[in-house]
Amino acid sequence: MLGVVALVGVLAYNYVQERSARRRAERDFASRHADVLLHEAETRREPTLEPAHRRAEPQPGAMPDTRVDYVMELALPPGASLKEGWQAIEHRFGHRALLAVEEGKAHAGLQMVTREGVVSEAELLEFRSEVETLATRINATVQAPEMRAAREAAQDLDRACADADIQVALHVVGVADPGQWEIDQQPFAVTRRADGVTLSLDVARTPEPGRSYEAMVRAARQLASASGGRLVDDNGTPLDDRALAAIGAQLEAVRQELAGRGIEPGGPLALRLFS
């Protein structure tokens, strides 16, 4: 799920729709190399409802899932071992390659969608060929989905994820010293800035994003009230209840869209997709 973080202001409903269209255009035309496009601390400066791009660690114990992976099934002969051959595949494709082995069979999967976008046709073909070669080497039989249909399904999922891949950020300015914030136990991040703090929420990776957003708004208001600061957008305009409520409504729409695809924000599948 490719794109550059560009925090430009708190977005109301219509602008969210505009931003979703622009987001899809970025994913169609931009490079797939996330190391070039990810600008983490430098760009997360303004309050917004915008795409989030925090690279995550691989999820331990993740299993191939046909909703997000291209999954090949291998029927294993007695005594066959995939370990050595799979290590080479895992080295090539990293944590996107998943293997589940049980008695007499195995499932080899390649994650089709991440924040970097949909796996390329060439890369998918390479993965399939490597698994087929491994299967031949150990005398296993293999079944694989049709690649074109798999990529079309992945592209549809990627478009949905692009619309859901947002970060909410709020500024509290005019705060000389925000004090000692216990951010480790908060569902949102708190970042100091020269004139105050920024509170941000990575929506798809956060369990119960609606409640977490409400907690973030309460915290921002409390901090502003206690310290004489102001809750503002990037232009310094105070944020009112209407603007904040509009964002909350959009978060619920995002949650429902993901849930309709069997993806719970903050759940194991979401953490894989939005990585």
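Remarks
- Selection count, region 215-266, where residues are within 24 Å of Gln185 (Cβ to Cβ), open to solvent by 80 Å² or more (accessible area, probe 1.4 Å) and touching a Leu at 6+ places or on another chain (Cβ under 9 Å): 2
- Criterion (of a type in the set (S, T, N, Q), farther than 23 Å from Leu82 by Cα and open to solvent by 60 Å² or more (accessible area, probe 1.4 Å)) met by exactly one of Gln186, Gln167: Gln186
- The residue that is farthest from the chain's Cα centre (by Cα), among those in region 88-103 that are within 19 Å of Leu74 (Cα to Cα) and open to solvent by 80 Å² or more (accessible area, probe 1.4 Å), is Glu103.
- When Arg192, Arg159, Arg137, Arg151 are checked against the criterion of being modelled with pLDDT under 90 and among the basic types (Lys, Arg), Arg192 stands alone in meeting it.
- Within region 106-122, if we keep just the residues that are crowded, with 16+ Cβ neighbours inside 10 Å and without any contact (Cβ under 8 Å) to a residue 60 or more places away in the chain, the residue that is farthest from Phe93 (Cα to Cα) turns out to be Ala106.
- Qualifying residue in region 212-227 (condition: assigned to a loop (DSSP other than H, G, I, E, B), farther than 30 Å from Gly117 by Cβ, of a type in the set (Ser, Thr, Tyr) and out of contact with any helix residue (DSSP H, G or I) (no Cβ under 6 Å at 6 or more places or on another chain)): no
The values are calculated or read from the model by the stated rules, or taken from the named source; none is laboratory data. Since we're looking at a predicted model, the values are computed, not measured. As a convention, Cβ positions derive from the backbone with ideal geometry for all residues, glycine included, and neighbour counts pool all protein chains shown. To get the accessible areas, we keep the full protein, side chains included, count just its heavy atoms, and leave off ligands, DNA and RNA. Shrake-Rupley method; radii C 1.70, N 1.55, O 1.52, S 1.80 Å.
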